[in-house]
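Any read-out appearing in this document is the output of simple, stated calculations on the displayed coordinates, not a laboratory observation. The structure presented is a predicted model; accordingly, all values stated were derived computationally and were not measured. Cβ sites come from the backbone with ideal geometry, for glycine too, and all protein chains shown count toward neighbours.
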Amino acid sequence: MSRISGTRLPVEGQIERRLVTLTVLVMGVWLVLLFRLFYLQVVLGERFRISASQNSVRTHHIKATRGIIFDRNGEILVDSRPSFDVLVIPHETGDLARALQRIGRLIGLRAEELRERVGKPAGRARFQTLEVARDIGRNAQARVEARLYALPGVITQVAPVRDYRGRNSAAHVLGRLGEISLAQLQSRRYQHYGRGDVIGTEGVERLLDADVRGRDGGKNLLVDAHGRELELLGKIEPQPGKHVVLTLDRRLQLEAEAALDETGDAGAVVALDPRNGEVLVLTSRPSFDPNLFAVGIGWDDWSALRTDPRTPLHNRALQGQYPPGSTYKVVTALAGLEEGVIDDDFRVHCAGSFRLGRRRYRCWKRAGHGDVDLHRALVESCDVFFYTVGVEVGVDRIAHHASALGLGVPTGIELGPEAAGLVPTRAWKKRRFGERWIEGETVSLAIGQGFNLWTPIQLASLYGAIGNGGARYRPFVVKRVTDPDGRVLRETQPQFVGSLPVSAHSLAQVRHGLRGAVHDPHGTGWVMRRLPGGVESAGKTGTAQVVKLAKNPLGKDADIPEWLRDHAWFVTYVPAQDPRIVIAVLVEHGGHGASAAAPIAQRVAATFLANEGELHARH
Amino acid sequence: MPAIDRRLIQNFEWPLVGLLLALSLIGVVNLISAAPETADWFPATAKRQFYMLALGLLGLLISLVPDYRSLERYAIPIYLLCVALLVAVLVVGPVINGSQRWIVAGPLRLQPSEPLKLGLAILFARLLARQDTRSELGLLELVKPALLFAIPAVLVLRQPDLGTTMLLALLAGTFLLVARVRFSTLLWLGAAGMAGVSVAWFFYLHDYQKERVLTFLSPERDPLGTAYHAIQSQIAVGSGGFLGKGFRRGPQSQLDFVPEQQTDFVFSVLAEEWGFVGAAFVMLLYLGFIVRGLMIARASKDLFGAYLGVGVCAIFFWGGFINVGMVLGVLPVVGVPLPLLSYGGSSLLTCLIGTGLLMNISMRRYIF
């Protein structure tokens with residue numbers, strides 16, 4: 001064995017005595033710890049002992065109240081109300097089935113129903129509080145409370161439950177609640193959440209869950225075998241959630257929803273403030289009542305909602321992608337202007353149809369518009385004019401300008417998920433269908449009837465930028481987050497995305513045309529002329545054909561079956577100079593934009609101006 | 001590779017191995033209870049601890065082959081490596097729960113302040129073993145060890161990890177007691193220590209750390225806030241009673257009312273489920289381990305081995321004392337893991353290597 005350098009001295013006598021002392025010290029310290037252990041567990045422990053016939057420590061979770069959601073004027077959109085709940089601790093109830101039967105009799109629910117909710121708790125679940133019934137009402141809870149003495153292991157509690165004041169109003173913005181899923185629990189976003197936590201699963205509730213949820217509290221109680229509380233051992237107060245102020249205007253929102261509902265059709269309305277991107281109205285109909293989810297939705301209600309053919313859970317304003325119809329003509333116009341196809345002398349003769357190869361494409365006005373310039377083409381929505389421009393510019397150049405205007409990608413509203421819409425190109429078609437682009441498809445595309453798609457919010461966003469002179473803002477709905485005392489914690493700053501890359505001259509021509517579409521003779525948007533105070537507006541109608549470019553064989557609109565009728569669009573900004581609101585309306589299968597969608601936009605605009613007047617009068 | 005001496009096998013340190021296995025296996029079983037609510041009978045944390053234990057035991061066996069005395073030569077490189085790792089933590093370590101304690105490499109997480117405890121023990125053992133043993137140590141001779149202690153201690157304090165810093169200080173203090181130090185010097189050191197504590201209090205401690213100490217001194221200060229950990233853990237321990245609630249039946253811990261129940265507060269889970277009988281049994285195993293370690297140190301053939309043995313025992317003793325004292329409410333809440341029982345690979349490996357060192361010393365006590 002090799003020699004190892006280093007000091008090698010006999011240990012004896014050197015530190016031996018000290019080591020003995022050390023050993024004694026260690027034993028002494030351990031004795032103190034053992035005494036303490038004995039004191040806690042054996043002397044005090046009797047008080048804490050879990051046993052059916054003795055006292056026990058019981059843990060209550062105290063739910064935090066979620067923060068209030070306000071509209072821009074401080075009106076409450078979502079609040080909390082008390083829910084009266086009954087819970088059991090299976091370990092303490094003795095015969096669980098009998099306990100549930102008795103509870104059921106008291107609150108008027110069948111015992112099987114309660115058993116289904118509680119399940120068959122085993123293992124550690126037997127020591128936990130399990131929910132038997134929620135939101136049973138004050139009276140039913142009082143009946144249970146009066147008999148608690150005979151119901152060991154049964155607990156009543158008052159817990160906050162979400163109250164969506166407007167029921168199905170703005171449901172897609174506000175969102176809904178649900179129990180956290182296993183997949184979510186494992187994700188990074190929810191790393192601080194636990195099983196059984198209720199979280200926002202959609203909308204603002206989801207977006208700001210971390211702010212709004214607050215922090216649950218809890219308390220430990222010493223209770224006797226009958227569940228009587230003997231002593232409060234410790235308590236953590238729950239912390240209420242933060243408040244949220246949205247950019248929505250509740251009155252406008254309600255007006256838009258009422259107007260849309262009167263049509264009886266599905267649809268969406270989006271209104272923005274073009275000066276900063278604040279969302280004033282965002283609605284999708286039909287809607288749902290988030291209150292159903294707040295208490296825990298029943299299986300029947302849930303499957304009814306999910307299988308409803310009118311898809312009330314679908315947010316049409318953000319995720320619905322539709323052919324734009326004539327509202328797309330501004331894109332074709334701007335492309336034509338920027339490409340130099342449309343100059344000041346550019347005229348097209350519309351004889352009611354456009355010929356390309358062997359096919360004829362009709363104008364909506366079969367008699368034709370005669371000689372049309374850009375202004376009249378926008379005012380009267382002449383199809384032949386834009387067919388001509390479209391074919392001259394070509395699909396890929398139109399796509400280039402559409403993308404430059406911000407189409408084909410989500411607007412970036414924080415609410416998400418949001419559809420991107422579609423800006424078709426030759427390459428896209430090759431990729432998607434493996435087919436060559438046909439020139440005739442450019443013709444349809446020029447008037448918004450081809451493959452191109454956009455969402456209502458994209459439409460509102462684009463027209464807002466056109467209206468305000470070319471500045472694009474990212475739409476947003478969360479104005480600010482405040483603490484429960486109202487101190488501002490976060491304020492959303494408007495986000496300037498960029499300028500429309502078109503010349504001032506082009507933009508001015510298009511805006512002039514859009515104003516004319518409302519105010520000139522034969523303007524398709526004439527409905528918008530009726531605004532309080534004679535305020536001028538600009539707008540564009542759109543009618544997106546559901547049955548492709550086929551001449552309607554059945555005659556008048558009213559005779560056409562609902563699902564074959566066209567989608568109606570209308571988009572407007574008010575006032576025409578320096579607009580303060582831009583409104584996009586979609587009515588699914590509503591028929592013509594001028595007759596079905598424009599009146600809704602007119603009502604929203606009128607309400608907006610009336611409210612403004614009221615505000616001015618107050619200040 | 002050196003041939004394995006037959007005497008090594010003959011003198012194999014069975015008692016210590018037995019205590020080690022008992023404690024660490026109880027630790028794994030206890031982690032099954034301490035894991036967050038799951039239907040899994042063998043939760044991920046307990047499983048990982050088990051694999052780490054198996055791996056560490058293998059390493060321990062291999063570490064018995066070389067003579068512990070070669071460590072004396074490598075004491076300084078080992079120390080420097082530990083310090084380098086601590087610097088790396090502060091530079092590249094991710095911030096987790098407000099502190100930087102780990103180096104993360106893919107799935108592996110190393111907490112360098114754990115092996116540092118051993119590194120420091122090895123270094124001190126070397127320094128003391130080389131002192132002239134006829135005279136007592138004066139203040140001047142202590143300057144060098146003090147500096148060598150201060151560098152890593154400050155780095156750990158910066159993480160911030162008050163618990164481990166305290167543990168390092170107590171480890172160093174233990175060496176001071178065992179070494180022959182002049183009485184006047186001890187007095188001076190005492191005074192300096194007091195001064196150091198007050199400086200730390202006013203300049204270094206975070207508010208939450210001060211709050212914890214103050215709450216310990218008077219729990220009624222804030223029963224719902226800082227004292228919460230202490231109260232919850234005492235209720236958990238107390239509700240275990242004499243015989244305990246039984247395996248996986250501890251509702252107090254099961255409801256996640258005891259915080260950090262897998263790491264700093266594992267002992268409360270054990271005490272709740274196995275009662276006074278189980279908790280006292282584990283405490284006695286622990287005591288047995290430390291006393292056996294001190295016996296090994298006493299029987300060591302050289303000073304380096306003796307001091308090293310004391311150092312390893314000190315790591316176990318202070319870790320156990322501070323942790324259990326905190327759980328039982330006799331010491332303030334400072335985050336210190338319970339050796340062999342708390343969840344955490346770095347801590348477990350450090351304990352296993354430390355045990356290996358003790359066994360190494362014991363098995364070579366007759367080999368010169």
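Sum up the charges of everything whose Cβ sits under 10 Å from the Cβ of A:Gly241, counting Lys and Arg as +1 and Asp and Glu as -1, but leave A:Gly241 out. So the surrounding residues net to +1. Taking 7 Å steps out from each Cα toward its Cβ at B:Leu186 and B:Leu284 produces label points 3.3 nm apart. Legend: calculated FRET efficiency, B:Lys47 to A:Leu615, from the Cβ-Cβ distance at R0 = 56 Å, rounded to 0.05, equals 0.30. The modelled label-to-label distance for the pair A:Gln577/A:Ala210, using points 7 Å beyond Cα in the direction of Cβ, is 4.7 nm. Take the Cα of B:Ala150, step 7 Å toward its Cβ, do the same at B:Leu25, and the gap between the two points is 4.8 nm. Highest GNM mean-square fluctuation, chain B, Cα pairs closer than 10 Å: which of B:Ile315, B:Ile62, B:Ile32? Evaluated over chain B, the most mobile residue of the options is B:Ile62.
When the Kirkwood radius is taken over all Cα pairs of chain A, what Stokes-Einstein diffusion coefficient follows at 10 °C and 1.306 mPa s, in µm²/s? Translational diffusion coefficient: 55 µm²/s.
A simple rule links phi to the HN-Hα coupling: the Karplus curve 6.51 cos²θ - 1.76 cosθ + 1.60 with θ = phi - 60°, which for the stretch A:500-506 gives 4, x, 9, 6, 4, 5, 4 Hz, with x for Gly and Pro. The residues packed around B:Leu55, meaning those with a beta-carbon under 14 Å from its beta-carbon, carry a net charge of +2 if Lys and Arg are +1 and Asp and Glu are -1.
In the frame of its principal axes, the stretch A:321-388 has Cα extents of 36, 29, 25 Å, reported largest first. Dipole check for the protein assembly as shown: with +1 at the C-beta of Lys and Arg, -1 at the C-beta of Asp and Glu, and the Cα centre as origin, the magnitude is about 2340 Debye. For the stretch B:82-156 and the stretch B:308-368, compute the distance between their C-alpha centroids and round to whole Å. Here the two parts' Cα centres lie 16 Å apart.
Across B:Leu16, B:Leu284, B:Leu340, mean-square fluctuation computed from a Gaussian network of chain B (C-alpha pairs under 10 Å connected) peaks at B:Leu284. Of all lysines in the structure, those lying under 29 Å Cα to Cα from A:Lys219, and not within fewer than 8 positions of it along the same chain, are A:Lys63, A:Lys120, A:Lys235, A:Lys242, B:Lys210, B:Lys245.
3J(HN,Hα) along the stretch B:56-65: x, 5, 4, x, 4, 4, 5, 5, 6, 5 Hz, from the Karplus curve 6.51 cos²θ - 1.76 cosθ + 1.60 with θ = phi - 60°, whole Hz, x for Gly and Pro. Ellipticity at 222 nm from helices only: DSSP H runs of n ≥ 4 in chain A, each -39500 (n - 2.57), divided by the residue count, give -9500 deg cm²/dmol. Close amide H partners of A:Ile581, meaning residues 5 or more places away or on another chain with modelled amide H under 5 Å apart, are A:Val574. Taking one quarter of the surface of the convex hull spanned by the alpha-carbon atoms of the stretch A:415-472 gives a direction-averaged projected area of 5.3 nm². Among rounded, prolate and oblate, which fits the stretch B:10-116 when a ≥ b ≥ c are the square roots of the eigenvalues of its C-alpha gyration tensor, a/c under 1.5 means rounded, and a/b larger than b/c means prolate? Here the stretch B:10-116 falls in the oblate category. Here the stretch B:10-363 was treated as a single set of alpha-carbon atoms; its pair distances binned every 20 Å from 0 give 29, 60, 11, 0 percent.
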